[in-house]
Amino acid sequence: MGKLERFGNFSSSEIWKLTTKGKDKDSFGKPALTYISEKQMEMRLCRPLSIEHGAKETSWGILVENRVHELLPMNYKLSTTQRLQHPTISNWVGIPDVIIQDGDVKIVGDIKCPYSLKSFCTSVDLLGDVEVFKAELPEYYWQLVSNCILVGAKIAEIIFYVPYQKELSDIRELAENWDGDQNKFAFLNWANDSDLPYLIEGKYYKNLNIFRFEVPQSDIDYLTNRVELAVNILNNN
């Protein structure tokens, strides 16, 4: 298989849009129709519509993800450089953050390192009930379902992380030793601790929050059907 292009494909990170419904329960909602239209534009342009500008929130997430991996058990394997494609449905791709091998069971994980403390608290407060998580954070839920399908797993895990204040020195060190464009992390050079997201250890919130659940077959079937319909529209217009 050749290189998987970033444009013209439905990706796990945005695939929740295809689950939205119109007035007819079997039709696509406005977010889905807009998403399909954007992918059609990309196919005509032969390039992505959006241009990444390296916002500090995005750069923070990329950097701190590596800190999370240091805290996780050895059987958590980072896979963020491996873009996967569905074996039979074209234009369906995704990049799982981690693939976990727990005995004979394969688990797909996704790491979220929000820059906003409010976003972190709101998200962590929803963990524990799959249906609440699905209803309130559909973009995260369906991203995991999509990547489970691509990997061939039925267990998913969401990981939310904000460092304790004492960990900020380790994160700054990660930035200094980053093998790549360090300009993305220049904001850390002049940021005080109070300018960065951190938690106070020993209080209500923990730095690492993990929620594991089994993906219902009904949701696997539903998402597969929605993507098939979307791909048919994409390639026939």
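The values are calculated or read from the model by the stated rules, or taken from the named source; none is laboratory data. Since we're looking at a predicted model, the values are computed, not measured. Methodologically, a virtual Cβ is constructed for each residue, glycine included, from the backbone with ideal geometry; neighbour enumeration extends over all protein chains shown.
In this entry, residue 222 is excluded by the filter for residues that are touching an Asp or Glu at 6+ places or on another chain (Cβ under 9 Å) and surrounded by 13 or more Cβ atoms within 10 Å (Cβ to Cβ).
Taken together, the residues in region 123-157 that are closer than 22 Å to residue 83 by Cβ and outside any loop (DSSP other than H, G, I, E, B) amount to 16. Exactly one residue out of 149, 158, 171 is aliphatic (A, V, I, L, M) and touching a strand residue (DSSP E or B) at 6+ places or on another chain (Cβ under 7 Å): that is 158. With respect to the conditions (1) over 21 Å from the mean Cα position of the chain (by Cα); (2) at pLDDT 95 or above, residue 219 falls short on a single one, namely (1). Restricting attention to region 64-112, the residues that are of a type in the set (D, E, K, R), out of contact with any Gly (no Cβ under 9 Å at 6 or more places or on another chain) and under 21 Å from residue 137 (Cα atoms) total 2. Does residue 143 satisfy the criteria of being surrounded by fewer than 20 Cβ atoms within 10 Å (Cβ to Cβ), within 27 Å of residue 59 (Cβ to Cβ), touching a residue at least 12 places away in the same chain (Cβ under 8 Å) and within 14 Å of the chain's Cα centre (by Cα)? It is false that residue 143 is surrounded by fewer than 20 Cβ atoms within 10 Å (Cβ to Cβ), within 27 Å of residue 59 (Cβ to Cβ), touching a residue at least 12 places away in the same chain (Cβ under 8 Å) and within 14 Å of the chain's Cα centre (by Cα). Return yes when residue 120 is modelled with pLDDT of 90 or more, in contact with a Lys or Arg (Cβ under 9 Å, 6 or more places away or on another chain) and buried (at least 19 other Cβ atoms within 10 Å of the Cβ) and no when it is not. Here the answer is yes, as residue 120 does meet what is asked.
Tell me, please, whether a residue that is in a helix (DSSP H, G or I) and β-branched (Val, Ile, Thr) can be found in region 159-171. Within region 159-171, one or more residues are in a helix (DSSP H, G or I) and β-branched (Val, Ile, Thr). Counting the residues of region 48-68 that are in contact with a Phe, Trp or Tyr (Cβ under 6 Å, 6 or more places away or on another chain), modelled with pLDDT under 90 and over 17 Å from residue 14 (Cβ atoms) gives 1.
The single residue among 44, 67 that is touching a helix residue (DSSP H, G or I) at 6+ places or on another chain (Cβ under 6 Å), of a type in the set (Lys, Arg) and not in a strand (DSSP E or B) turns out to be 67. The residue that is nearest to the chain's Cα centre (by Cα), counting only those in region 35-59 that are without any contact (Cβ under 8 Å) to a residue 60 or more places away in the chain and under 12 Å from residue 184 (Cα atoms), is 58.
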